[in-house]
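Enquirer: Once you've had a glance at the structure underneath, I'll fire off some questions.
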Amino acid sequence: MNPLKSITGTIVSGFVLAIIMAVLLNVTGAVQPLAFWVWLHAIAGITWIGLLYYFNFVQVPGVSKALAEKDSGGPGPASINKYIAPTALLWFRWAAAATWITGALALEALHTDPGSGFVAAFTFADGYRTIGMGAWLGTIMLFNVWVLIWPNQKKILGLDGQQHAPEVIARAKTVALMASRTNAMLSIPMLLGMTGHMHGLMS
């Protein structure tokens with residue numbers, strides 16, 4: 001059976017291959033907690049931000065174009081909203097949660113002094129200002145995903161099992177779009193904070 005014929009098989013195969021490579025290349029004989037959590041944080045973060053960019057740069061313009069062409073024989077946005085958006089939102093919101101959790105664990109592993117790396121980052125302690133900025137922005141983005149984007153997308157796509165008036169749907173679209181665009185904007189300085197800490201970009 002070819003594991004690449006399924007998403008689960010592909011993901012599991014990727015992790016197995018990574019573990020084999022880590023074992024073959026590990027000259028110290030010990031797993032470094034920081035490297036482990038940063039690795040998982042990067043995988044989850046790429047999934048989250050990749051989908052964020054997909055929604056903003058691909059799906060939203062695509063749905064708008066499909067809606068504009070609906071009356072002239074186009075397919076309309078129904079197929080995207082029914083078959084693509086729910087699955088994309090499932091990966092999106094849980095990847096956001098996984099990114100935040102693995103990031104918090106990476107902060108703890110990064111901190112070698114007494115106390116908490118999580119607290120050091122979120123209080124902008126010396127040496128943690130850059131990554132603290134990234135952590136705060138990531139937390140705001142996580143809030144937007146779960147409190148603003150997802151509840152309103154459920155209304156828009158009819159995933160909450162309720163019927164909503166057109167004005168409610170219109171308001172939900174505005175809130176979800178603005179929260180998503182805010183996250184796309186915040187992702188740029190957030191990624192600066194995440195990468196800059198380890199590479200000396202900022203103190």
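The values are calculated or read from the model by the stated rules, or taken from the named source; none is laboratory data. Just so you know, these numbers come straight off a predicted model, no measurement behind them. Neighbour counts are summed over all protein chains in view; Cβ atoms, including those assigned to glycine, are modelled from backbone coordinates with ideal geometry.
Enquirer: Since Leu177 meets every condition but one in (1) surrounded by fewer than 19 Cβ atoms within 10 Å (Cβ to Cβ); (2) free of Cβ contacts under 8 Å to residues at least 40 places away in the same chain, which condition does it not meet?
Expert: Of everything listed in (1) surrounded by fewer than 19 Cβ atoms within 10 Å (Cβ to Cβ); (2) free of Cβ contacts under 8 Å to residues at least 40 places away in the same chain, Leu177 misses just condition (2).
Enquirer: Another one. Does Thr87 satisfy the criteria of being loosely packed, with under 13 Cβ neighbours inside 10 Å, farther than 27 Å from Val31 by Cα and under 20 Å from the mean Cα position of the chain (by Cα)?
Expert: So Thr87 fits the description; yes.
Enquirer: Which of the residues belonging to segment 117-134 are of a type in the set (A, V, I, L, M) and in contact (Cβ under 8 Å) with a residue 40 or more places away in the chain?
Expert: Ile131, Met133
Enquirer: If I filter segment 124-143 for residues that are in the same structural domain as Leu40 (by TED's automatic domain parsing), outside any helix (DSSP H, G or I) and among the polar types (S, T, N, Q), do I get at least one hit?
Expert: no
Enquirer: On the basis of being over 27 Å from His197 (Cα atoms), under 25 Å from the mean Cα position of the chain (by Cα) and either among the hydrophobic types (A, V, I, L, M, F, W, C) or modelled with pLDDT of 95 or more (or both), does Leu17 make the cut?
Expert: yes
Enquirer: Hey, can you tell me all the residues within segment 141-174 that are surrounded by fewer than 18 Cβ atoms within 10 Å (Cβ to Cβ) and of a type in the set (Gly, Ala, Ser)?
Expert: Residues satisfying the conditions are Gly158, Gly161, Ala165, Ala170.
Enquirer: Residues to consider are Leu52, Leu24, Leu34, Leu105; find the one that is in contact with a helix residue (DSSP H, G or I) (Cβ under 7 Å, 6 or more places away or on another chain), modelled with pLDDT under 95 and closer than 28 Å to Thr195 by Cβ.
Expert: Exactly one of Leu52, Leu24, Leu34, Leu105 is in contact with a helix residue (DSSP H, G or I) (Cβ under 7 Å, 6 or more places away or on another chain), modelled with pLDDT under 95 and closer than 28 Å to Thr195 by Cβ, namely Leu34.
Enquirer: Does segment 35-48 hold any residues that are over 24 Å from Thr87 (Cα atoms) and either among the basic types (Lys, Arg) or crowded, with 18+ Cβ neighbours inside 10 Å (or both), and which are they?
Expert: Residues satisfying the conditions are Trp37, Val38.
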